[in-house]
Amino acid sequence: MKHFASLLFVGVVSLSTLNHAFAGEEAKAGVPAKPDLAKGQASFTACAACHGADGNSAITTNPKLAHQHPEYLVKQLQEFKSGKRANAVMSGMAATLSEDDMRNVAAWLTTQAPKNGFAKDKELVALGERIYKGGIADRQIAACAGCHSPTGAGIPSQYPRLSGQHQDYTTAQLTAFRGGVRNNSTQMTMIAAKLNDKEIQAVSDYIAGLH
Ligand code: HEC
Ligand code: HEC
């Protein structure tokens, strides 16, 4: 993961250098300026009761957001706002955010250290680990690790971070993808469609302890 982390770091540094260099032209061209971490942190005060002061929610049905990739966070906030991802509470919250607010809060959350979780059920977790690392070949279920990475760190901008996420939240999302309630990712709908309840529970428990 050092490798991913340093790649990300280099990306962030070069992006911010570019932003500095071209700040004047960007303003003219209407290209968004560099995210403002202080503003992002200030916006997050409205979110902290549910998602934890540092983005590590203590409530297991609310997702941990700390250290999540900013592109993924912005996509979710945009889709809550537009209704593409349906959730009454979050649609209301996202409606109060402008595009800049979303970018700022996402950039701030990315800087927050993640808190690990733990798996609970020894027997289930072994099944979960098999699915996560190897998929289920005879039912054409792809390994989660292929997209979300072996440690669950995800791949910045493409695939979200899953490691340490609450089991209750992950179970709810996989069930929502499967049932069409969460309808903002064809890839995940196709994968979740093939998992039964026990497999969803198992892989979610494994993810909670993954880091
Ligand atoms: C009243 C509680 C509550 C508040 C306040 C709240 N959230 Fe949420 N948030 C939730 C719940 C519950 C979910 C899971 C929604 C679902 O099931 O789809 C969620 C989901 C999210 C997600 C999706 C995460 C993922 O991994 O896909 C993001 C991003 C998010 N919230 C950001 C915010 C931000 C930013 C704010 C403040 C502006 C905020 N939330 C305020 C309860 C809340
Ligand atoms: C082909 C790539 C791919 C594979 C394989 C894959 N995923 Fe995903 N997954 C995605 C993408 C893309 C998203 C982001 C969806 C979005 O933008 O809302 C995602 C999102 C998720 C989420 C929602 C995260 C959140 O914070 O709400 C969960 C949970 C998840 N995947 C679990 C799994 C599990 C478990 C497996 C293995 C059974 C798996 N994924 C396999 C691509 C993949």
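The values are calculated or read from the model by the stated rules, or taken from the named source; none is laboratory data. Keep in mind that this is a model prediction, so the values were computed, not measured. Cβ coordinates were reconstructed from backbone atoms using ideal geometry, including for glycine residues, and neighbour counts include every protein chain displayed.
Any idea which residue in segment 56-80 is nearest to ligand 1 (Cβ to nearest atom), counting only those that are touching an Asp or Glu at 6+ places or on another chain (Cβ under 9 Å) and outside any loop (DSSP other than H, G, I, E, B)? Filtering first and then ranking leaves LEU77. Checked against the criteria, ALA113 counts as under 23 Å from CYS50 (Cβ atoms), aliphatic (A, V, I, L, M) and surrounded by fewer than 17 Cβ atoms within 10 Å (Cβ to Cβ). Scanning segment 156-176 for residues that are within 22 Å of ALA106 (Cβ to Cβ) and within 8 Å of ligand 2 (Cβ to nearest atom) returns GLN158, TYR159, PRO160, ARG161, LEU162, GLN165, TYR169, THR170, GLN173. The residue that is surrounded by the most Cβ atoms within 10 Å (Cβ to Cβ), among those in segment 178-192 that are more than 17 Å from GLY135 (Cα to Cα) and within 15 Å of the chain's Cα centre (by Cα), is ARG182.
Residues in segment 38-47 that are within 8 Å of ligand 1 (Cβ to nearest atom) and assigned to a helix (DSSP H, G or I): SER43, PHE44. Checked against the criterion of being within 8 Å of ligand 2 (Cβ to nearest atom), surrounded by 14 or more Cβ atoms within 10 Å (Cβ to Cβ) and aliphatic (A, V, I, L, M), the candidates LEU124, LEU195 yield just one match: LEU195.
Before we move on, is THR171 free of Cβ contacts under 8 Å to residues at least 24 places away in the same chain and over 14 Å from the mean Cα position of the chain (by Cα)? Answer is no for this residue. Against the definition (surrounded by 15 or more Cβ atoms within 10 Å (Cβ to Cβ), in contact (Cβ under 8 Å) with a residue 12 or more places away in the chain and in contact with a helix residue (DSSP H, G or I) (Cβ under 7 Å, 6 or more places away or on another chain)), how does ASN87 come out, yes or no? For ASN87, the condition - surrounded by 15 or more Cβ atoms within 10 Å (Cβ to Cβ), in contact (Cβ under 8 Å) with a residue 12 or more places away in the chain and in contact with a helix residue (DSSP H, G or I) (Cβ under 7 Å, 6 or more places away or on another chain) - is not met.
Could you name every one of the helices (runs of 4 or more DSSP H) located completely within segment 81-185 that has at least 1 residues being assigned by TED's automatic domain parsing to the domain that holds HIS67 and within 14 Å of ligand 1 (Cβ to nearest atom)? Walk me through how you get there before you give the answer.
Details: elements: 88-95, 99-110, 122-134, 144-148, 167-179.
By residue number, 88-95, 99-110.
Kindly check whether there is at least one residue in segment 59-73 that is without any contact (Cβ under 8 Å) to a residue 12 or more places away in the chain and either within 13 Å of ligand 2 (Cβ to nearest atom) or on the phi > 0 side of the Ramachandran plot (or both). No, segment 59-73 contains no residue that is without any contact (Cβ under 8 Å) to a residue 12 or more places away in the chain and either within 13 Å of ligand 2 (Cβ to nearest atom) or on the phi > 0 side of the Ramachandran plot (or both). GLY154 fulfils the conditions (1) within 19 Å of ILE207 (Cβ to Cβ); (2) surrounded by fewer than 16 Cβ atoms within 10 Å (Cβ to Cβ) except for a single criterion, (2).
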